[in-house]
Amino acid sequence: MKLTKILGICVTSLFLMTSCDLDEEVYAFSSNDKLVAAGKYEELVAGAYNTLHFPFEWGNYHNIVNFDTDYQSGPTWAFGSIGAGNFYDEGSNNNFYKYYSQTIHRANYHYSLVGKMTSVPDKTRKNAMGELRFLKAWAQFNLVQFYGPIPLYKISISEGNAIELPRSSVKEVYEHIIETLLEAEQLLMPRTDSEYKQGHVCRGTAKALLAKVYATIASASMKSGQITVKGGPGKKTNPDGTTSRLMPVPITHQKNLVAGYEDFDSQEYYRLAKEKAGEVIAEKEFSLAPNQETLWSAGYKNGPEFQFCLQTVSSDGTLFYNYVTSDYLGYPKPENNGEWSSGYYIQRDHWLQLFDDWNDERITWGVMHRIPTTYNKQTGKMTYQFYPERDSVYVRKGEKGYDPSDVVANSAVTYGSKLLKFAAITTPLDGTRSDWNWPYMRYPETLLIYAEADNELNGPTADAFEKIGWLNARNNSTTASARNAKVPFTKESFRSYILEERSKEFAAEGIRRFDLLRWGIYLQVMNAIGVTDENDVIKRREEKHLLLPLPLDVVNTNPYIDRNNPGW
């Protein structure tokens, strides 16, 4: 049975929330012994996956992972306190910590229950246990990156773990994450197995996450190095009081050793990252979609490029659908004759200007270039705004879908990239909840991790160019090898190129903030923008922003935690 169907069944049978983060109860009507005896492993696995939906119900998840980055913007009112860097006692931050804590505790407890099931075939039982191990590691990986040291729950409370624990060091948490993922990859079946169920994680997913964990440790523990990021101020004030937009400029930053990662060997973890990413590539459980339009089509959901996604499901409630499409792309309002509404969260113009290849599908197909903004009832005509401004040459000629009457986009909602990846839904594009599957992990990241690790170990190589070349070809962009032939890469310039490719490929997918943090350049990149960006969204950050604050109830109720993260 597909995971989406199981989740639908679980709506009425699973406790969605309890008063405590450490919710280990599963059914309101059945004892745990009966669950084990009945072999209800599917419901137990779905109960752990279910926690991933909690932060999407009202938009908490994307606020945390996307708003606090250099390349995202929009109206100041839409970005609120999170966009301005005010995380303290903020609902989205509190829920991010709370819900991933619930994922950990459900995964631990349900793992112990599934392990007792003697009526379930061994292969099936092990795979279910592997999924639960993966979910636990995924949740801990997210928490340790954003909050630093965290209480480390290795087993469930029902198995004897204390309810409250002191914070374990970053190193201890990562050691357990790695141990957990190594177990998961042994338990999980490959995606190519005849019994694999679409929408679930597989062996390759665990390996891909392990490669990402290794690369995160390796980059964060690198003691020094240079990375060039295109950025800087987005606008300037002219002598006459008017403002002008500014193009991004290359700025070379000195990376910092990330606190908590001092005892790791960067080169060794890059060796492990390359090895594990290489396994994923060689085993061919995943493959790239042929082009951007196919990748982000509703019919490609859970296709072989997607390693791990949120699974939306049709239901009458609010839990299993989300507002992501409405928030990031927007929709035409029939009552206003198709005028575009919402879509408040956009990629800044600096992001689009990263693309020196104008034929790259991530901006030709992937960006909404023509937005219906004002309908004239008297003439019956719609005025369209176009983006980017550099396309004015096509507008004048009426080429590439433009009309000479189009006007350049001029607002915080329209002058930037609305990404068509958010149209990958089967539900109506009407501003209500939709079935957009958030892509936590995609195969291109494995290719880029392989190239990153290879570069840090050996400098730029043909092997790394080849792996990135597959992604370049899919996106119809200039290949890494062609760029190298024109201007040979150094280790530093190839490092910067890979980081830039990640920002292009995974725009608004919740990866950019993690990248800036793990490379130790978060403060440098954010503060290079200035106090605010071109839309007056505050981008200035301080040392305290390197870690998010723990929720107040965690600090106030856990006797082992007597203070919050530094600065909070």
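Amide H contacts for L310 (H built 1.01 Å from N in the peptide plane; partners 5 or more residues away or on another chain; cut-off under 5 Å): W438, Y440. Residues in the range 124-129 carry Karplus couplings, in order, of 5, 4, 4, 4, 4, 5 Hz; the curve used is 6.51 cos²θ - 1.76 cosθ + 1.60 with θ = phi - 60°, and Gly or Pro positions show x.
Taken one residue at a time, the phi angles of the range 195-212 give Karplus couplings (6.51, -1.76, 1.60, θ = phi - 60°) of 9, 5, 10, 4, x, 8, 6, 9, 4, x, 5, 4, 5, 5, 5, 4, 4, 5 Hz. Gly and Pro are set to x. Near L523, once Lys and Arg are set to +1 and Asp and Glu to -1 for all other residues with Cβ below 15 Å from its Cβ, the sum equals +3. Electrostatic bookkeeping for N458 treats Lys and Arg as +1 and Asp and Glu as -1; over the other residues with beta carbon under 15 Å from its beta carbon, the sum is -3. Amide H contacts of S168 (H built 1.01 Å from N, in plane; Pro and chain starts excluded): I150, L152 sit under 5 Å, all sequence-distant by 5 or more or on other chains. I'd like the distance separating the alpha-carbon centroids of the range 518-568 and the range 368-439, in whole Å. About 34 Å separates the Cα centre of the range 518-568 from the one of the range 368-439. Of the GluC sites (Glu not before Pro) found in the range 475-568, the ones in coil according to DSSP and having at most 13 other Cβ atoms within 10 Å of their Cβ are E542.
When E268, E305, E185, E452 are arranged by Cβ crowding within 10 Å, least crowded first, meaning fewest neighbours, the order is E268, E305, E185, E452.
Listed from fewest to most Cβ neighbours within 10 Å, the set Y450, Y300, Y153 follows the order Y300, Y153, Y450. Summing charges over all other residues whose Cβ lies under 11 Å from the Cβ of Y41, with Lys and Arg as +1 and Asp and Glu as -1, gives +1.
Would you calculate a helix-derived [θ] at 222 nm for the chain, using -39,500 (n - 2.57) for each DSSP H run of n ≥ 4 and dividing by the full residue count, to the nearest 500? Show your work: numbers first, answer last.
On the way: 22 runs with 242 residues, N = 568.
Value at 222 nm, helices only: -13000 deg cm²/dmol.
When the range 323-431 is described by a simple charge dipole with +1 on each Lys and Arg Cβ and -1 on each Asp and Glu Cβ, the residue from N376, W351, V395 located farthest towards its positive end is N376. Convex hull of alpha carbon positions in the range 459-568: directionally averaged projected area 10.4 nm².
A quarter of the convex hull surface defined by the alpha-carbon atoms of the range 66-199 gives 10.8 nm² as the mean projection. Working note: Cα gyration tensor of the range 323-431, eigenvalues times five, square-rooted, sorted largest first, giving semi-axes of 21, 19, 11 Å. In order along the range 340-355, phi translates into HN-Hα couplings of 6, 10, 6, x, 6, 9, 10, 7, 4, 4, 4, 5, 4, 6, 5, 7 Hz, rounded to whole numbers, per the Karplus curve 6.51 cos²θ - 1.76 cosθ + 1.60 with θ = phi - 60° and x for Gly and Pro.
Put simply, the amide H of V367, placed in the peptide plane, has neighbours under 5 Å in L420, leaving out anything fewer than 5 places away on its chain. Dipole size of the chain about its Cα centre, with +1 on Lys/Arg Cβ and -1 on Asp/Glu Cβ: approximately 780 debye, rounded to the nearest 20. Sorting 134-142, 388-396 by average packing, meaning the other beta carbons within 10 Å per residue, from highest down gives 134-142, 388-396.
Computed from the coordinates by the stated procedures, all read-outs in this text should not be read as laboratory data. Computed from a predicted model, the values in this text were never measured in an experiment. Cβ coordinates were reconstructed from backbone atoms using ideal geometry, including for glycine residues, and neighbour counts include every protein chain displayed.
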